[in-house]
Amino acid sequence: MTRVFAVLLTLLLVSGCGSSRPFEIENLAKSDMDMITDIHIEQIRSLSKNLIVKLYRRNPRELNKAPGMTIEKRLEQLMTAERPNAGFEELNFHDGVAALPMAFDANYQGDRVFALMAGITGMLSNAYNNQTEFYLLDELDQQKLYNSARNLESISWLLNNRKKEDGSLFLLSNGIADNGVPNYSYERVLSQMIIIQDMMAAMISDSTNRNINKVVHSVASMTFLPYDRNAPKLPPQCAQVNTLD
């Protein structure tokens, strides 16, 4: 039942995108789940790219912290599955989840949008084993997918609430336009990402009969969940509950 619902929701998510997926001979080596996963990866990458552009346009001062940097160059750095093995030098050799706290660290003087999006894109890429396509023998870890969704919830909260000592937000996102109309487009992008990751986690859990370790995790926490079940033990404030919907 979970898989049927996920397929229907996938069709709703991708409908109206204006793109078709013609038959290719390599698709013979893909299961239905592989092709659904490919669609979700495409959507996640599109949403990530959209969020990078939106955040830089809303926070141009961050891009200016790196002389000669452009949005196009940042997209080239971030929208690739081949991440630097040792992390980004600009981020003190951090990437993925390890880079996320830097975006909201009062002591960090670098490009906060880059830190945030290196964290998000690295985390999501890792959730899909740093692959952009899946085939019959490829596997996904439902825990990585689930944990990434919870981290995205925390990021959404932090963007709207985490402030500097002077009361200003570390990064501007949602807000009120000059004409008084609210702009919640950033929250909508992150919400779509969360839906996709939760949906994928549920599908993988259902198809492999593996439990998801659900986590009671405060969205206001600056502690982000590890990638998978083999990661270091969670801090005390994150209580794990082993359940399966």
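Under 13 Å from the Cβ of ASP95, count the other residues' Cβ atoms, weight Lys and Arg +1, Asp and Glu -1, and hand me the total.
Computed value for this residue: -2.
Within 10 Å of each residue's Cβ, count the other Cβ atoms and sort GLU187, GLU153, GLU76 from fewest upward.
Sorted ascending by nearby Cβ count, the order is GLU76, GLU187, GLU153.
Rg and Dmax of the stretch 24-109, Cα atoms, in Å?
Cα-based Rg and Dmax for the stretch 24-109 come out at 16.4, 52 Å.
With an 8 Å cut-off on Cα pairs and a minimum separation of 6 or more residues, tell me the relative contact order of the stretch 115-191 in percent.
19
Size of the dipole of the stretch 75-226 about the Cα centre, Lys and Arg at +1 and Asp and Glu at -1 on the beta carbon, nothing else charged, in debye to 20?
So the magnitude is around 480 debye.
According to a simple spin-label model (label point 7 Å from Cα along Cα-to-Cβ), what is the distance in nm between ASN161 and MET35?
Label at MET35, label at ASN161, 4.3 nm between them.
Counting other C-beta atoms within 10 Å, which of ASP105, ASP38, ASP32, ASP111 has the fewest, and how do the rest follow?
Lowest count first: ASP32, ASP105, ASP38, ASP111.
Starting with the highest mean, order 159-168, 188-197 by the number of other Cβ atoms within 10 Å, averaged over the residues of each peptide.
Listed from highest to lowest mean packing, they are 188-197, 159-168.
Throughout, read-outs are computed from the coordinates displayed, never taken from laboratory work. Everything numeric here is computed off the predicted structure, so don't read it as measured data. Here the Cβ is made from the backbone with ideal geometry for all residues, glycine too, and neighbour counts use every protein chain on show.
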